[in-house]
Amino acid sequence: RNDKSLAHEVEFLSKVKAHLEDGKLAKTFEVDDEEDQEILNSCNLLTIKPVIFAANVNEDELAGEDNDYVKAVREYAADVDAKVFVVCAQIEQEISELEDLGLEESGLEKLISASYSLLGLISFLTSGEDETRAWTIKEGTKAPQAAGKIHTDFERGFIRAEVVSYDDLMACGTHAAAKEKGLVRLEGKDYVVQDGDIMLFRFNV
């Protein structure tokens, strides 16, 4: 590397250092240049990593309005591009009471959802006679690459995908009923997979 590029890196990292010494997170340091972003990423700084805050509240507050402490956490999280979910540790130990409290998901499910969202991940499903399975992919992945998550042959010989959304299938009850209503689609190689898609891949190798 030449002296000019090294001088630029030193200057850039000096600004990052000053930002950190001011008590700020690395993830809030504004970077306009792609090369500078690569320099920052290469430092593997702890405070540049995705963060999720779990706000532990009592049973009475779990399904109601945020208290002042939770609001403060949400405000801080918004400033540092972090996620927040509210949980009651006591209720997590008494998970069987969730339905009585009118809650739709447990704290663990909230944590999983928040983690997926923060990392830009989604899930699609495949279903056969032996098993139904969820596959994790990056948001924006196209059908052939999603097929490749299962097996390289699926991507290499991808022809098309038969797709129905999870919500549509659950509303119809059966795959046949969803098909009758036109909710099962044939998608090609440019289709961007959506969270909750149930997919059957057609391929030829």
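Residue pairs, Cβ under 6 Å, 6 or more apart or interchain, first in region 45-74 and among the charged types (D, E, K, R), second open to solvent by less than 50 Å² (accessible area, probe 1.4 Å) and modelled with pLDDT of 85 or more. List them.
The qualifying pairs are E61/N67; R74/V84.
If I ask for residues that are among the small types (G, A, S), assigned to a loop (DSSP other than H, G, I, E, B) and in contact with a helix residue (DSSP H, G or I) (Cβ under 6 Å, 6 or more places away or on another chain), which ones from region 176-201 would you list? Reasoning before the result, please.
Kept after step one, since they are among the small types (G, A, S), are these residues of region 176-201: 176-178, 182, 188, 196.
Filter once more, keeping what is assigned to a loop (DSSP other than H, G, I, E, B): 182, 188, 196.
Answer for region 176-201, where residues must be among the small types (G, A, S), assigned to a loop (DSSP other than H, G, I, E, B) and in contact with a helix residue (DSSP H, G or I) (Cβ under 6 Å, 6 or more places away or on another chain): just G196.
Please verify whether region 150-166 includes one or more residues that are among the small types (G, A, S), touching a residue at least 24 places away in the same chain (Cβ under 8 Å) and assigned to a helix (DSSP H, G or I). Reasoning before the result, please.
Step one: list which residues in region 150-166 are among the small types (G, A, S), which gives 157, 161, 165.
Checking which are touching a residue at least 24 places away in the same chain (Cβ under 8 Å) leaves us with 157, 161, 165.
Subsequent filtering for residues that are assigned to a helix (DSSP H, G or I) retains none.
No; the residues of region 150-166 include none that is among the small types (G, A, S), touching a residue at least 24 places away in the same chain (Cβ under 8 Å) and assigned to a helix (DSSP H, G or I).
Taking the stated definitions as given, is G107 surrounded by 12 or more Cβ atoms within 10 Å (Cβ to Cβ), modelled with pLDDT under 95 and in contact with an Asp or Glu (Cβ under 6 Å, 6 or more places away or on another chain)? Reasoning before the result, please.
On the way: surrounded by 12 or more Cβ atoms within 10 Å (Cβ to Cβ): yes; modelled with pLDDT under 95: yes; in contact with an Asp or Glu (Cβ under 6 Å, 6 or more places away or on another chain): yes.
Taking the combined requirement at face value, the residue satisfies it.
Tell me which of these S117 doesn't satisfy, since it passes every other one: (1) of a type in the set (S, T, N, Q); (2) open to solvent by less than 60 Å² (accessible area, probe 1.4 Å); (3) closer than 30 Å to N56 by Cβ.
(2)
Can you find a residue that is of a type in the set (V, I, T), within 27 Å of S115 (Cβ to Cβ) and either free of Cβ contacts under 8 Å to residues at least 24 places away in the same chain or loosely packed, with under 15 Cβ neighbours inside 10 Å (or both) anywhere in region 188-198?
Filtering region 188-198 down to residues of a type in the set (V, I, T) leaves 192-193, 198.
Now drop any that are not within 27 Å of S115 (Cβ to Cβ), which leaves 192-193, 198.
In the following step, the residues that additionally are either free of Cβ contacts under 8 Å to residues at least 24 places away in the same chain or loosely packed, with under 15 Cβ neighbours inside 10 Å (or both) were identified as 192.
Yes, that holds for at least one residue.
Kindly indicate the residue of region 52-78 that is of a type in the set (D, E, K, R) and part of a helix (DSSP H, G or I) and also most open to solvent (accessible area, probe 1.4 Å) among those meeting that condition. First the steps, then the outcome.
Residues of region 52-78 of a type in the set (D, E, K, R): 59-61, 65-66, 68, 71, 74-75.
Among the residues that remain, those that are also part of a helix (DSSP H, G or I) are: 59-61, 68, 71, 74-75.
Details: E59: 70, D60: 140, E61: 62, D68: 120, K71: 98, R74: 93, E75: 123 Å².
The selected residue is D60.
What number of residues within region 133-166 are closer than 9 Å to F203 by Cβ and touching a Pro at 6+ places or on another chain (Cβ under 9 Å)?
4
Could you give every pair whose Cβ atoms fall below 6 Å, whose first residue belongs to region 116-140 and is assigned to a helix (DSSP H, G or I), and whose second residue is exposed (fewer than 15 other Cβ atoms within 10 Å of the Cβ), counting only separations of at least 6 or pairs across chains?
Note: pairs meeting the criteria are L118/P50.
Here are the criteria: (1) farther than 30 Å from Q90 by Cα; (2) open to solvent by 40 Å² or more (accessible area, probe 1.4 Å). Tell me which single one A26 does not satisfy.
(2)
The values are calculated or read from the model by the stated rules, or taken from the named source; none is laboratory data. Only a predicted model underlies this, so the values are computations on that prediction, with no experimental measurement involved. FYI the Cβ positions are ideal-geometry reconstructions off the backbone, even for glycines, and counts take in every protein chain you see. The protein model used for the area step is the full one, side chains on, heavy atoms only, and it has no ligands, DNA or RNA in it. Shrake-Rupley method; radii C 1.70, N 1.55, O 1.52, S 1.80 Å.
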